[in-house]
Each structure stands twice: as C-alpha cells, then as structure tokens.
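First the structure, in the form of structure tokens, and then the observations on it.
The values are calculated or read from the model by the stated rules, or taken from the named source; none is laboratory data. Here the structure is a predicted model, which is why all the values come from computation and not from measurement. For neighbour counting, all protein chains shown are included, and Cβ atoms are generated from backbone atoms with ideal geometry for every residue, glycine included.
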Amino acid sequence: MIITKYIPMDRIRSMKIYINQDKLPLSAIVEREGPDLAITGNFYGPDWKPVCPLKADRQVVECDPDYAYPALCWDEGPDVGVAIVPKGGMSPQRNYIANCAGIYHGQDQPMIFGADVGGRRGRAGWGFRDGTLALVAFPDGADGMTPLELRAWAKAQGWTDFILGDGGRKVNYYDREARILIEGRDPSQNLILIWLKKEEETPMEGITQRLMTKNPCYTRGRTITPKGIMVHSTATPGVMSRALAQSWDTPTAKAAVHAIVDDTVTLQTLPWTARGGHAGSQAGTANGTHLSFEICEPQECRLLPEEWDPLKRGDTGWAVERLQKELAARGYDPKGIDGSFGPGCDAALRACQKDLGLEVDGSCGPATLAALAGRWGSYLAYNPAEVQDYFDAAWGRAVALTAYLCQTYGLDPMTAVLDHSEGHALGIASNHADVGHWFPLHGKSMDDFRAAVKAAMAGEDVSELDTAVDKLAGAGLIDSPDYWKGGDYSADNVKALLIKWAASI
Ligand SMILES: [Zn+2]
C-alpha cells in the first residue's frame, strides 16, 4: 500500500530533523520525541553520515561544495518550502534537507543516484502538492518502484515538488492520527519529525490565552490525560504573569506550566492537555499526569527565608532598599535609601552585625536576615497585612481557575488538587516548598484551597463574613479563622478581639 499524507501549512506547529546518533528504531524515536509524523530523511554512507546537504537546527551536518540542491527548508515548520541550497550549504534557514530531487517547482530534475539505489524497492519521498506539504512512503514489496517510477507517480498525483528520500530496508514512517507505523528493518540516519497543531479548548471567561509557543513543552506537542492539578507559586518574587510567560517562552526554557495567575490576570500558557514541565526532571513525576499553574509571588515574598537571596555590596533593588530602611530604623546610617548597596550601606551593616553578635561579613545572609526581621515592624519581615489585597485577588483567580479545570476534566477538587510540596511528599514532584511556605502566612492551607474550589464549583459565593475574617487573620488579629467563620461567638472572645483591634491602631 502506498501511504500519502498532505498537510496544510496552517496545521503545522513545528518540524525538526532528528539525527539518529543512537541508531534507534522508529518506535523508540516516536516514544522519545512524541511527533505526530515521522518520515525517513536522506541517504547516508557507511560512516553513518548523510551524503546530501543537511542542516538541523542551525547546524550544517552535510553540505556539497560543488553542487546546489533543491531541498525542504524551514525555520519553525509552518514556513516550510522547497528552495535551492547553494554550493557550500549557506542558507539563512535553520533547517534544510536535500536528496535526489525529482521535481523542482514543476520542472523535472536530473535524478542522480548510484546504481545501488536504482532498483524497484520501498521508498520515502517529500514535496508539495497544491500548497500542502506532501509525504509518501511504502516498504519493500509489491509496491516497490524505481526512483523514476516514483517521480512519475508523484507527477500523476499533482505534486509540483518531489524529493526522493532514503528507501529499501530503511523506510521508516509514522502517522499518529492514521495509526500507521512502518518500521524499517534498518534505522534511518536522519528523519523529518512533524508536530501538528492541536485543537484548543475555548478558554473560560476571565482567562487570557498567551500560549508559550516557543517553549519545548509546546513545540514537542506531547499530551497528557489530566488526572489532577498541581498548584505552584513562583520562586521569583515580583515577577508577574506576563513577564514570567515571556521569560519561559523560549526553546531553552527548563520549565512550563499551563497557566500563570497574579492579582490582575489569569494567563493560559499551554494547551490544557499539553505535557507540562513543573514537577522536576525525574521520571514518573506529575508532569505526565497533572495540569499545573503558578501563582506569582509579590515582591514582598523575597523576605521569606525560602526566597531570600543574600545581599552584599554591589547589589541593587527593592530588597536592598528594605535593608537600608531597616538599618536606618535601627540607628545605623546607610548613607542614603536608594536601593543601591554601596560602601555606606556596607559600613552600616557591619556595625549592626557587630552589635548583634553576628558574623561581621557585610553580607545580609539568612542569619542576618533572621536577626534583622526580629524587630517588631521590621522592614525585613514579611508583613501579611501589606500583601493581603494582592493575596486575596490572586487567591480568587487561582480558585476560579482550578474550579474551571476540575469541571472541565471531571476532577474531584478534594482529592485531585495538590501543591508542589504535597506532590514531593507523594514522590511525584521535585523538592520544593511551594505553596506551603507562603499560604499559611495568610491564614490559608491547601485544605482551605480545596474547600474553596469545591464551594466555587457548587456555585457558592464566599460570604462577606469569610472575607472579613480572612482580612483580620491576614493582619494577625485572628488566629482561628474557622471559629469566627462559624458565626457563633462568646462575649469574652469578642471582647478580646476588640481589645486586640484597638491595640493595633
Ligand atoms: Zn513549584
């Protein structure tokens, strides 16, 4: 059977040339790379190197100093076309693959091939028909054709460009949609891998789509069946949704989540069924099972011990400014509160360290931070009241998003939703503390989060009383929110609360 595939350009998400250094069979390459289509590349020699021009992701693997070749050329994939690769292989495009060309832009080409290639056998070929990328493949057997017979066949099918690929025992072809796998008896030295665009779900109201199309989790196109949702908070305080999505939208990004939430926007950053990269690099993690999102931590989270970066001379920014304020409040003059750690700040810090009995090293590391944060009202202590509005807004967005995803994928929020640290405890995520290092400072646990998601799914609104109690808990006035949310108080407790409240003003 002669297998053909015609792929419209707008269905192509990405393409790459896979150099099969490990001489893997096709099924292993499909397993490793997860493409939608794979097809044998060009001829190779006994030295396991291609014999015709080949450039893979900016790297010229093979070129010809004497001849120009028609070749499949592309940068990302949707831009693929057939163009001439000049002598020497110089091409502005990131990928090309040439071989024995049969038709170039409607013109027959002198098909040049060795005697060993000429017989009737299985074949692979690539080209264009009606503006679609065209593939053909068939193994050795009754359908065997010579190169010229296959060109005649392609012409009859209306192909306007046709390049013969490798053939015989080395015909390897895979089509996920059509469930076709032709595995050659020999591996191919190189293959063309193609990923197609997936149908995107309609996003829920309040979600802005900003897919990270350059991130490997997007371009690889691997998918999951969501079995749960993993909640994260960023380890980069002060970086909000759009900036984080921007920084992860590169081919070299090491991580990816499905959504990012801050106080003003919920971004969808991957297709919901894409395999994310949020739970570490080991095998068997929640990457293969869980949807994921990040809650952006505000600037103030830099003051949490888990997020603290030691400050020393030459550093600049928000945290330095807080250090300068704290030194000044303690009577050490940092010579300006400007967010720039200069000699004045260094001298003030050393004097302060000496008086506090700390190591005098001019560096505000964990021990110095802990000591400086100990003062009531310290500028270096995380103050939940300062951040409560942000927290409430981000929490609300995170709950709404999780409720939507639970509804869409039939997940029970009480059992399927967990945070990164809970995932680590279960052995399905790397060792990170989020969100357990942050939520409790606002009187919230993951159990509260799950309950809020469940309530949101049931259409229950969070009551005014709950919101007020949360606000007071965040300000440190209430330490048992459930009691106050119950609404049945003793007079003594109300009295105690009023006194606490008055004292805080
Ligand atoms: Zn995390």
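Residue-level check: of (1) within 16 Å of the ligand (Cβ to nearest atom); (2) over 30 Å from residue 363 (Cβ atoms); (3) touching a Gly at 6+ places or on another chain (Cβ under 6 Å), residue 261 misses just (3). Going residue by residue through segment 366-375, is there one that turns out to be touching a Ser or Thr at 6+ places or on another chain (Cβ under 8 Å), crowded, with 17+ Cβ neighbours inside 10 Å, more than 30 Å from residue 470 (Cβ to Cβ) and polar (S, T, N, Q)? No, that holds for no residue.
Do the conditions hold for residue 384, that is, is it in contact with a Lys or Arg (Cβ under 8 Å, 6 or more places away or on another chain) and either in contact (Cβ under 8 Å) with a residue 24 or more places away in the chain or surrounded by 14 or more Cβ atoms within 10 Å (Cβ to Cβ) (or both)? Taking the combined requirement at face value, the residue does not satisfy it. Considering only residues that are modelled with pLDDT of 80 or more and either among the polar types (S, T, N, Q) or not in a helix (DSSP H, G or I) (or both), which ones fall in segment 469-504? Residues satisfying the conditions are 475, 476, 477, 478, 479, 480, 488, 489, 490, 493, 504. Looking only at segment 19-38, count every residue that is part of a strand (DSSP E or B) and surrounded by fewer than 20 Cβ atoms within 10 Å (Cβ to Cβ) and tell me the total. Looking only at that region, the number is 1. The test for being of a type in the set (A, V, I, L, M) and either within 16 Å of the ligand (Cβ to nearest atom) or touching a residue at least 24 places away in the same chain (Cβ under 8 Å) (or both) does not hold for residue 319.
Checking the conditions here, which among 245, 283 is under 19 Å from residue 223 (Cβ atoms) and either buried (at least 24 other Cβ atoms within 10 Å of the Cβ) or among the hydrophobic types (A, V, I, L, M, F, W, C) (or both)? After ruling out the rest, the residue left standing is 283.
Scan segment 218-252 for residues that are in contact with a strand residue (DSSP E or B) (Cβ under 9 Å, 6 or more places away or on another chain) and within 15 Å of the ligand (Cβ to nearest atom) and the total you get is 9. When residue 449 is tested against (1) away from the ligand (no atom under 16 Å from the Cβ); (2) in contact (Cβ under 8 Å) with a residue 60 or more places away in the chain, exactly one condition is not met: (1).
Within segment 388-421, the set of residues being within 16 Å of the ligand (Cβ to nearest atom) and farther than 21 Å from residue 272 by Cβ comprises 421 only. Reported count of residues in segment 349-358, each being assigned to a loop (DSSP other than H, G, I, E, B) and touching a helix residue (DSSP H, G or I) at 6+ places or on another chain (Cβ under 7 Å), is 2. Scanning segment 324-334 for residues that are surrounded by fewer than 16 Cβ atoms within 10 Å (Cβ to Cβ) and assigned to a loop (DSSP other than H, G, I, E, B) gives 331, 333. Of the residues contained in segment 80-98, none is found to be assigned by TED's automatic domain parsing to the domain that holds residue 13, closer than 12 Å to residue 147 by Cβ and either in contact with a Cys (Cβ under 7 Å, 6 or more places away or on another chain) or of a type in the set (Gly, Ala, Ser) (or both).
When residues in segment 153-168 are screened for being surrounded by 15 or more Cβ atoms within 10 Å (Cβ to Cβ) and either among the acidic types (Asp, Glu) or not in a loop (DSSP other than H, G, I, E, B) (or both), 9 of them pass.
Each row is one residue, and each column tells you yes or no for (1) farther than 27 Å from residue 13 by Cβ; (2) touching an Asp or Glu at 6+ places or on another chain (Cβ under 9 Å); (3) among the hydrophobic types (A, V, I, L, M, F, W, C).
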position	(1), (2), (3)
35	no, no, no
40	no, yes, no
46	yes, no, no
57	no, no, no
92	no, yes, no
98	no, yes, yes
102	yes, yes, no
110	yes, no, no
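With respect to the stated conditions, residue 272 fails to be more than 23 Å from residue 449 (Cβ to Cβ), surrounded by 17 or more Cβ atoms within 10 Å (Cβ to Cβ) and either aromatic (Phe, Trp, Tyr) or within 14 Å of the ligand (Cβ to nearest atom) (or both). When restricted to residues that are in contact (Cβ under 8 Å) with a residue 24 or more places away in the chain and either outside the structural domain of residue 81 (by TED's automatic domain parsing) or within 19 Å of residue 186 (Cβ to Cβ) (or both), segment 111-125 contains 10.
The residues listed here are 443, 476; of these, the one that is more than 16 Å from the ligand (Cβ to nearest atom) and over 31 Å from the mean Cα position of the chain (by Cα) is 476. Within segment 473-489, is there a residue that is hydrophobic (A, V, I, L, M, F, W, C) and without any contact (Cβ under 8 Å) to a residue 24 or more places away in the chain? Yes, some residue in segment 473-489 is hydrophobic (A, V, I, L, M, F, W, C) and without any contact (Cβ under 8 Å) to a residue 24 or more places away in the chain. The set of residues in segment 424-434 being within 8 Å of the ligand (Cβ to nearest atom) and over 11 Å from residue 278 (Cα atoms) consists of 434 alone.
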